[in-house]
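To keep things clear, I will list the structure first and then write my remarks on it.
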Amino acid sequence: FARCCHPLPGDPIVGVVRTGRGITIHRSDCATLARSAGEEEDRWLDLGWNQLAAGVKATARLQVMTLNQPGSLGSLSTVIGREGGNITDLRFGAKSDDLYEIVLDVEVDDRDHMDRIMAGLRASPVVTAVERMQG
């Protein structure tokens, strides 16, 4: 699975055949994939998900804007844990006196699971915005 776009079961996907590296799976809307259009399209494979994808954890990368106040990070992790997600990486981005940008890698089952986590985060009073990051 491509690390640039973190495809999840349920996303439209494309496989790219790379000599000596096998097939890399990208989301169809991946920016990295779009940059190579024209050059390597003969190496692209139209793919879809099957039942084997069920039960396999995948990583969703989320960008969260949260209030800069005590307990904000705890609130985020509580929402994600309550929805059955697991935070595997966390990075702080832009910071101001009032807001923090946090990039979270979250293990999820599929796109619907990610959507439930994002909805839970949006409902949190400490969150001002949540987006899935594009590749």
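The values are calculated or read from the model by the stated rules, or taken from the named source; none is laboratory data. Here the structure is a predicted model, which is why all the values come from computation and not from measurement. Note that each Cβ is placed from the backbone with ideal geometry, even for glycine, and that neighbours are counted across all protein chains shown. Surface accessibility is based on the protein's heavy atoms, side chains included, excluding ligands, DNA and RNA. Shrake-Rupley method; radii C 1.70, N 1.55, O 1.52, S 1.80 Å.
Selection of strands (runs of 3 or more DSSP E) fully inside the stretch 1-48 by the criterion of at least 1 residues being of a type outside the set (S, T, Y), open to solvent by less than 60 Å² (accessible area, probe 1.4 Å) and in contact with a Cys (Cβ under 6 Å, 6 or more places away or on another chain) returns 22-27. Within the stretch 108-135, if we keep just the residues that are open to solvent by 60 Å² or more (accessible area, probe 1.4 Å) and of a type in the set (D, E), the residue that is nearest to D11 (Cα to Cα) turns out to be D112.
If I go through the stretch 113-127 residue by residue, how many of them are among the hydroxyl-bearing types (S, T, Y) and more than 12 Å from G74 (Cα to Cα)? Spell out how you get there, then give the answer.
Of the residues in the stretch 113-127, the ones among the hydroxyl-bearing types (S, T, Y) are 124.
Those still in the list that are more than 12 Å from G74 (Cα to Cα) too: none.
Qualifying residue count for the region: 0.
Tell me, please, whether a residue that is open to solvent by less than 70 Å² (accessible area, probe 1.4 Å), under 23 Å from I13 (Cβ atoms) and in contact with a strand residue (DSSP E or B) (Cβ under 7 Å, 6 or more places away or on another chain) can be found in the stretch 63-75.
Here is the first cut: in the stretch 63-75, the ones open to solvent by less than 70 Å² (accessible area, probe 1.4 Å) are 63-68, 71-72, 74-75.
So of that shortlist, the ones also under 23 Å from I13 (Cβ atoms) come out as 63.
The next check asks that each one be in contact with a strand residue (DSSP E or B) (Cβ under 7 Å, 6 or more places away or on another chain); those that pass are 63.
Yes: one or more hits.
Residues to consider are E41, E101; find the one that is of a type outside the set (A, V, I, L, M, F, W, C) and farther than 19 Å from T128 by Cβ.
Working: E101 fails: farther than 19 Å from T128 by Cβ.
Every option except E41 fails the conditions.
Restricting the first member to the stretch 1-25 and to residues that are of a type in the set (S, T, Y), and the second to residues that are modelled with pLDDT under 85 and in a strand (DSSP E or B), the beta-carbon pairs closer than 9 Å and six or more apart or on different chains are T24/R18.
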